[in-house]
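Beneath this line is the structure, given in structure tokens, with notes to follow.
The values are calculated or read from the model by the stated rules, or taken from the named source; none is laboratory data. Predicted, not measured: the structure shown is a model, and the values here were computed from it. Here the Cβ is made from the backbone with ideal geometry for all residues, glycine too, and neighbour counts use every protein chain on show. Just the protein is used for accessible areas: all its heavy atoms, side chains included, with ligands, DNA and RNA removed. Shrake-Rupley method; radii C 1.70, N 1.55, O 1.52, S 1.80 Å.
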Amino acid sequence: INASKGPRILVLVPTRELAMQIATQTEKYSKYLSQVKTVCVVGGVPYPAQVRKLSRPYDVLIATPGRLIDYIDRGKIDFSRLEMLVLDEADRMLDMGFVDPVKKIASCTPPSRQTLLFSATLQGSVIQLSEALLKNPVEIVVKAEKENHENIKQSLHYADNLQHKNRLLDHILSQENVTNAIVFTSTKRHANQLVGDLKDKQYLAAALHGNMNQRQRTRTIAQLRNGTVKILVATDVAARGIDVQAISHVINYDLPETAEDYVHRIGRTGRAENEG
């Protein structure tokens, strides 16, 4: 690869955490390819350091939509030699309200590019986005590997009404073995309401959902990791990609819509061969 300004591959992802994970793997895979340089631009990082990296030759650009548009508007990105656009976790990107930014970014890239779209679901808005961005696409479906979660103990609690459910939640969270917990709700509004109720009961709680900007989400995850937050109340969209090893309990305050979402939720605990 002849190094010059502007990327040959652009990987667009919904969150800072995912971008940094992909950047780490990309650098590992290209370790012995001296000409392949990777740049990662995300929110929550000072602009000068990223601008310096963008001013040097690189080949792979990994970015979140908001920060990338900042650089496009400033004229800091040259897409003239772009060959491939990758949209990772497209369904999550749309759920977080990035449909217009994604379309704007795509419009700035050469029409000759190859586009790859990765998504857990291919329906509704994801299909509409694929029709707008892809030309004669080939669909590849990979069946998800079933997880047994044998090290996770699962319990079912029946609630007579909302008040009873809240008392059950209070009882579970007050147990000594609950060190860090994720409580799943079905809506952003309910997540905020529940966090307020838990804080009134002196729990160290915080919300995580799609209405929060990247900086807020990053700060909340950091607080969960360092112990200033013990209970995370999250929606499914925001909970993808949470990488915190010490989650002792997952509580499905609201049931998920699919069995796959349930399996994904409970997989946030019992990690690294720990009991959950």
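Just a few scattered comments:
- Matching residues in the range 189-219 - criterion: being touching a strand residue (DSSP E or B) at 6+ places or on another chain (Cβ under 9 Å), closer than 20 Å to D91 by Cα and not in a loop (DSSP other than H, G, I, E, B): L208, R217
- Residues of the range 86-107 satisfying the condition of being in a helix (DSSP H, G or I), modelled with pLDDT under 90 and touching a Pro at 6+ places or on another chain (Cβ under 6 Å): R92, M93
- Annotation: of all residues in the range 108-128 being part of a helix (DSSP H, G or I) and either modelled with pLDDT of 85 or more or not aliphatic (A, V, I, L, M) (or both), the one that is most open to solvent (accessible area, probe 1.4 Å) is Q128.
- The residues on offer are K76, K53, and the sole one that is out of contact with any Phe, Trp or Tyr (no Cβ under 6 Å at 6 or more places or on another chain), modelled with pLDDT of 90 or more and either aromatic (F, W, Y) or part of a loop (DSSP other than H, G, I, E, B) (or both) is K76.
- When residues of the range 152-209 are limited to those that are charged (D, E, K, R) and within 19 Å of T269 (Cβ to Cβ), the one least open to solvent (accessible area, probe 1.4 Å): K153
- Per the listing Y58, Y71, the residue uniquely assigned to a helix (DSSP H, G or I), of a type in the set (S, T, Y) and in contact with a strand residue (DSSP E or B) (Cβ under 7 Å, 6 or more places away or on another chain) is Y71.
- Taking residues in the range 42-54 that are farther than 20 Å from I9 by Cβ, and partners anywhere that are open to solvent by less than 40 Å² (accessible area, probe 1.4 Å) and not in a helix (DSSP H, G or I), the pairs with Cβ atoms closer than 7 Å and at least 6 places apart or on different chains are G43/T64.
- Selection from the range 246-272 of residues that are small (G, A, S) and loosely packed, with under 15 Cβ neighbours inside 10 Å: A246, A259, A272
- Each residue in the range 36-95 was checked for being over 26 Å from L122 (Cα atoms), open to solvent by less than 40 Å² (accessible area, probe 1.4 Å) and of a type in the set (S, T, N, Q), and 2 pass.
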